[in-house]
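Participant: Dumping the structure here so I can ask a few things about it.
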Amino acid sequence: MTCTRDMLCECVLYLSVMQTILLLHGAIGSSGQLQPLADRLKANYKVYSLDFTGHGGKPIVSDPFSIALFADNVLWFMKEHGLENVAIFGYSMGGYVGMYLAKHHPEKVSKVVTLATKFHWDEETAAKEIKMLDPDKIEQKIPAFAATLKERHTPDTWREVLKKTTDMMTALGNDNTLKPDDYAAITTPTLVLLGDRDKMVGLDETVATYKALPNAAMGILPSTQHPIEQADVEQLAFSIGRFIG
């Protein structure tokens, strides 16, 4: 097939107007978990993803893990790649980071889609989540998951990732980074998604956040549990694409 000059111009124009989506992974996760979704979205969008500090083999810094730290990771990534404005898809904690950016840096975020994001944090919630992050118990009771974490974060850092994540969740339990009034001030168009079989994130907290946002939509994904690996990629990509446009 011969590509004419007009066809080339049309191709360049098409690429120039393609929207950009930045994918953000969850706690103790990595960008690799979102690769199947990225591959599915690349046909229609410019897709980027990153690993937060200490995740996916990234060096662990002395600063404690926090939503603000991970938001700074996103801002630096955007600067390095010349991205002025992006739509964000955030899974679990990645969705919380996306909402934080929409609150504090709205000029950088065109739209936000969250999936399985825990918005409500208090001491009881944090204590429940922390119980699942004990590295010794993980090695003893679910060695396959321990092996996955070792591969995901390199063998030398996975325990430190869990420790720093535990500290972050404790801090969130003591003082939730985003309060209900913060969501009321976020005008960025937002789609809040939750799996109907998610056992980690409650429907009540998801609905409450959706109602607090002045420009939001909400969707329930059928037959969907919390782990992103178990999500139906086609179904999720369709929901994202329909909202972002």
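Each reported figure results from applying straightforward, stated rules to the coordinates on display, with no laboratory input. No experiment lies behind these values; they were computed from the predicted model shown. Here the Cβ positions follow ideal geometry from the backbone for every residue, glycine too, while neighbour counts run over all protein chains shown.
Participant: Would you look at the GNM of the chain, springs on alpha carbons closer than 10 Å, and say which of THR154, THR190, THR114 moves the most?
Facilitator: THR154
Participant: Which FRET efficiency value, to the nearest 0.05, is calculated for ASN174 and ALA217 with the Förster distance at 22 angstrom and r the Cβ-Cβ distance?
Facilitator: Plugging the Cβ-Cβ distance into 1/(1 + (r/R0)^6) gives 0.10.
Participant: For region 187-232, state which trypsin sites (Lys or Arg not before Pro) are in a DSSP loop and have at most 14 other beta carbons lying within 10 Å of their beta carbon.
Facilitator: ARG197, LYS199
Participant: Considering region 119-241, what Rg and Dmax in Å follow from its alpha-carbon atoms?
Facilitator: 16.7, 46
Participant: While we're here: Using R₀ = 22 Å, calculate the FRET efficiency as 1/(1 + (r/R₀)^6) where r is the Cβ-Cβ separation of ILE130 and GLN225; round to 0.05.
Facilitator: Using R0 = 22 Å, I get an efficiency of 0.60.
Participant: Between ASP182, ASP204, ASP51, where does the largest GNM mean-square fluctuation fall for the chain, given springs only between Cα atoms within less than 10 Å?
Facilitator: Top of the fluctuation ranking is ASP204.
Participant: Straight-line reach from LYS131: which lysines have a Cα under 26 Å away, not including same-chain ones fewer than 8 places off?
Facilitator: Within the straight-line cut-off, LYS131 pairs with LYS58, LYS118, LYS141, LYS150, LYS163, LYS164, LYS179, LYS199.
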